[in-house]
Amino acid sequence: MKKAVIFGVYQFVGFHICSTLLEEGEEIIGISYPEISIEDLEDKRMEIGRNANFSEKSLDKLPFILQDPNVQHIYFDLYTIKQISIYEKIQNLFSNFRDKETSCGKKLTFLVNITSREAERDFTTFLKDNLVDHDIQVIHLPTLYGPWQPSDFLFQQIVEGKEKNDIQLNVREYTMDAIFIEDAVREVVKMTTKGQNNDILLKSKEINHWQRCLEQLQWDIPKTKRVLQLSRNLQEVIIENKGTIKDNIEKQKKHYVFNRI
């Protein structure tokens, strides 16, 4: 049976990718980033841990995992990672892994925030330079929302009913676009399993998607236009909403009521 490895398996994007691949019958090895607190960890473990195709390993097992011929795909969820030390630890593991030939043929997919910082860009550049015989793809993501959205993201703060004065826009949120998490993950899985290696920027088909989500939440903040310097080599992939924006927000609300209170 083919296997996939997910770094940050309990992070927002990694958890949804794990759930999707498990539903498709794939065997998953999940790895948590060390020294990072994880929201709703026990609930997430309970949700996917009951699946016989899921196993959890520690980061230091990476060299052994890379030698497994059944591992075909390795995902790195860097969407909300702030600690530079995480990048340094993974870099060191790959640098010290001498038998790189046995890991050839595995595809590495990095899921990064469109607002990614210098540390993340340096990290992906390092791996591309040092793993030249590997298929490496970087997928840039705008604001993602839906079930399990981190509690420091604006939509989730509103859903949780925080006091208005306590609600703040997360510096990692891109206000010019948004995509429902299930729609984004569906496209990510489809693209990565097809063998595409070009770097991608996901964009919603819905105009003003982020702002329209706020309208559904009956919330208003001053519009800001954030200009980002993105590589011209990025291929834009347009994501269609499987449901309506209203339905998506309702899913996030219901999930909070039934799973997180």
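The values are calculated or read from the model by the stated rules, or taken from the named source; none is laboratory data. The structure displayed is predicted, hence computed values, not measured ones. All Cβ positions, glycine included, derive from the backbone under ideal geometry; neighbour counts span all protein chains shown. What goes into the accessible areas is simple: the full protein's heavy atoms, side chains included, and nothing from ligands, DNA or RNA. Shrake-Rupley method; radii C 1.70, N 1.55, O 1.52, S 1.80 Å.
Among the residues making up region 151-172, those that are of a type outside the set (S, T, N, Q) and either in contact with a helix residue (DSSP H, G or I) (Cβ under 6 Å, 6 or more places away or on another chain) or outside any loop (DSSP other than H, G, I, E, B) (or both) are Leu154, Phe155, Ile158, Val159, Lys164, Asp166, Ile167, Leu169. Here the condition is being farther than 16 Å from Asp77 by Cα, within 22 Å of the chain's Cα centre (by Cα) and of a type in the set (S, T, N, Q); of Thr143, Thr193, it holds for Thr193 alone. Residue pairs whose Cβ atoms lie under 7 Å apart, sitting 6 or more positions apart in sequence or on different chains, and linking a residue in region 171-182 that is under 20 Å from Lys82 (Cβ atoms) to a partner that is surrounded by fewer than 21 Cβ atoms within 10 Å (Cβ to Cβ) and of a type in the set (Phe, Trp, Tyr), are Glu173/Phe153. Within region 118-170, the set of residues being closer than 18 Å to Leu202 by Cα and open to solvent by 80 Å² or more (accessible area, probe 1.4 Å) comprises just one member, Arg121.
The criterion of at least 3 residues that are closer than 24 Å to Asn197 by Cα and in contact with an Asp or Glu (Cβ under 7 Å, 6 or more places away or on another chain) is met by none of the strands (runs of 3 or more DSSP E) falling completely within region 6-94.
Every residue in region 66-85 that is open to solvent by 10 Å² or more (accessible area, probe 1.4 Å), at pLDDT 85 or above and either among the hydrophobic types (A, V, I, L, M, F, W, C) or out of contact with any helix residue (DSSP H, G or I) (no Cβ under 7 Å at 6 or more places or on another chain) (or both), please. Residues satisfying the conditions are Asp68, Pro69, Asn70, Gln72. For the condition charged (D, E, K, R), closer than 25 Å to Thr193 by Cα and modelled with pLDDT of 75 or more, Lys107 qualifies.
Cβ-Cβ distances below 6 Å connect the following pairs, each with a first residue in region 94-112 that is closer than 18 Å to Asp60 by Cβ, a second residue that is open to solvent by less than 10 Å² (accessible area, probe 1.4 Å) and modelled with pLDDT of 70 or more, and a separation of six or more residues or different chains: Ser103/Leu66. Taking region 181-206 as the range and being closer than 19 Å to Gly146 by Cβ and part of a loop (DSSP other than H, G, I, E, B) as the test, the residues that pass are Lys205, Glu206.
Confirm whether Glu27 is of a type in the set (Asp, Glu) and either at positive phi or surrounded by fewer than 17 Cβ atoms within 10 Å (Cβ to Cβ) (or both). It is false that Glu27 is of a type in the set (Asp, Glu) and either at positive phi or surrounded by fewer than 17 Cβ atoms within 10 Å (Cβ to Cβ) (or both). Against the list (1) of a type outside the set (S, T, N, Q); (2) surrounded by 12 or more Cβ atoms within 10 Å (Cβ to Cβ); (3) in contact (Cβ under 8 Å) with a residue 60 or more places away in the chain, the condition Tyr33 fails is (3).
Here's the yes/no breakdown for (1) among the acidic types (Asp, Glu); (2) modelled with pLDDT under 90; (3) open to solvent by 60 Å² or more (accessible area, probe 1.4 Å); (4) in contact with a Pro (Cβ under 9 Å, 6 or more places away or on another chain):
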| residue | (1), (2), (3), (4) |
| --- | --- |
| Lys203 | no, no, yes, yes |
| Ile207 | no, no, yes, no |
| Trp210 | no, no, no, yes |
| Glu215 | yes, no, yes, no |
| Lys223 | no, yes, yes, no |
| Leu230 | no, yes, yes, no |
| Glu240 | yes, no, yes, no |
| Gly243 | no, no, no, no |
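Going through (1) open to solvent by 30 Å² or more (accessible area, probe 1.4 Å); (2) assigned to a loop (DSSP other than H, G, I, E, B); (3) more than 20 Å from Ile6 (Cβ to Cβ) one by one, Thr175 falls short only on (1).
Residues in region 9-23 that are touching a residue at least 60 places away in the same chain (Cβ under 8 Å) and open to solvent by 10 Å² or more (accessible area, probe 1.4 Å): Gln11, His16, Thr20.
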